[in-house]
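The values are calculated or read from the model by the stated rules, or taken from the named source; none is laboratory data. Every value quoted in this text rests on a predicted model; they were computed, and no experiment measured them. No Cβ is skipped: glycine too gets one built from the backbone with ideal geometry, and neighbour counts run over all protein chains shown. For the accessible areas, the whole protein counts, side chains as well, though only heavy atoms, and no ligand, DNA or RNA atoms are used. Shrake-Rupley method; radii C 1.70, N 1.55, O 1.52, S 1.80 Å.
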Amino acid sequence: MIQHLRERALHYLVAITAPTIVVVIHFVASGLFGDDIQLTLFVAAVMLAAFYGGWKPGVVATLLSAFAGVYFLIEPRKSFYIEQVSDRTRLVVFL
């Protein structure tokens, strides 16, 4: 029972950590990535979480990635408002 709970907790830890690492990588290497691939980098985080933990951690990683991407990477930054229609479309395609 405890082993199962630890395993599930680890799955969700990966689902939370993977999008966080993507945000850090984006800020560290911001000159390498253009504005067109802002949410695309989160696909790897979602794939890792879903592969490792299943669909529920994958959904958690997807939602966290969407919120982090909108808040930190899409203009205006540090806001959940999305001005550009193209950015809204990218978010919908990502989700």
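Annotations for the structure displayed:
- Surface composition of the chain: carbon plus sulfur atoms hold 70% of the accessible area, using a 1.4 angstrom probe and ignoring ligands, DNA and RNA.
- Dipole of the chain [Lys/Arg +1, Asp/Glu -1 at C-beta], most positive-end residue of Thr89, Leu32, Val70: Val70
- Per residue accessible area of the chain, 1.4 Å probe, in Å²: 67
- If you run the Gaussian network model on the chain, springs between alpha carbon atoms under 10 Å, then out of Val46, Val24, Val59 the most flexible one is Val24.
- Counting charges near Val46 (Lys, Arg +1; Asp, Glu -1) among other residues having Cβ under 15 Å from its Cβ returns a value of +2.
- Estimated 222 nm signal from helices in the chain, with DSSP H stretches of n ≥ 4 weighted -39500 (n - 2.57), rounded to 500: -22000 deg cm²/dmol
- For the chain, the convex hull drawn through the C-alpha positions has a volume of 92 cubic angstrom per residue.
- Net dipole in debye of the chain [+1 Lys, Arg Cβ; -1 Asp, Glu Cβ; about Cα centre; nearest 20]: 340
- Accessible area ranking (1.4 Å probe, heavy atoms, ligands and nucleic acids excluded), largest first, for Val92, Val22: Val92, Val22.
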